Amino acid sequence: MWVRYGLCGRSMTAMKLPSTLPIILISVKVGRSSKERGRGCSFVTAYLGVWFGFSVAATATQWAFQSLGWVNPMIISTSSLLNGLFLLMAGIHQFSSLKQVCLGRRHTPLVFC
């Protein structure tokens with residue numbers, strides 16, 4: 001399980017961290033102007049913490065699904081019930097008001113600085 005977690009965590013870092021470089025630089029710049037030197041480090045630490053937490057949850061979910069026989073080691077579903085559940089969840093999300101609320105509230109990163 002820990003090998004999977006390590007692989008998932010490292011790949012998340014390699015894929016996600018470079019795309020956050022603009023907001024990291026903005027955070028560092030705002031930190032310098034407001035005399036909060038650790039602002040950039042705090043942002044990176046929190047960002048990586050969230051993604052590593054997600055990696056733990058994803059690894060645990062994969063492990064649980066494999067132990068139940070719902071997915072194979074390549075994470076391909078072997079359960080009709082699981083397939084139907086995911087299809088139902090996707091359909092509910094597509095037609096829910098939650099989707100429209102989320103799409104209507106997109107912000108640029110500068111709003112948070």
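The values are calculated or read from the model by the stated rules, or taken from the named source; none is laboratory data. Because the structure is predicted, anything quoted here is derived from the model rather than measured. Every residue, glycine as well, gets a Cβ built from its backbone with ideal geometry; the counts of neighbours run over all protein chains shown.
Look at (1) more than 25 Å from residue 15 (Cα to Cα); (2) at pLDDT below 85; (3) hydroxyl-bearing (Ser, Thr, Tyr) and you find that residue 59 fails only one, number (1). Note on segment 16-37: residues that are surrounded by 10 or more Cβ atoms within 10 Å (Cβ to Cβ) and over 22 Å from residue 54 (Cα atoms) amount to 12. Total residues in segment 18-59 satisfying the condition of being in contact (Cβ under 8 Å) with a residue 12 or more places away in the chain, out of contact with any Lys or Arg (no Cβ under 7 Å at 6 or more places or on another chain) and within 27 Å of residue 76 (Cα to Cα): the figure is 5.
Taking each residue of segment 72-98 that is surrounded by 11 or more Cβ atoms within 10 Å (Cβ to Cβ) and looking for partners that are assigned to a strand (DSSP E or B) and β-branched (Val, Ile, Thr) with beta-carbon atoms closer than 8 Å, six or more apart or interchain, yields 77/71; 78/71; 79/71; 82/71.
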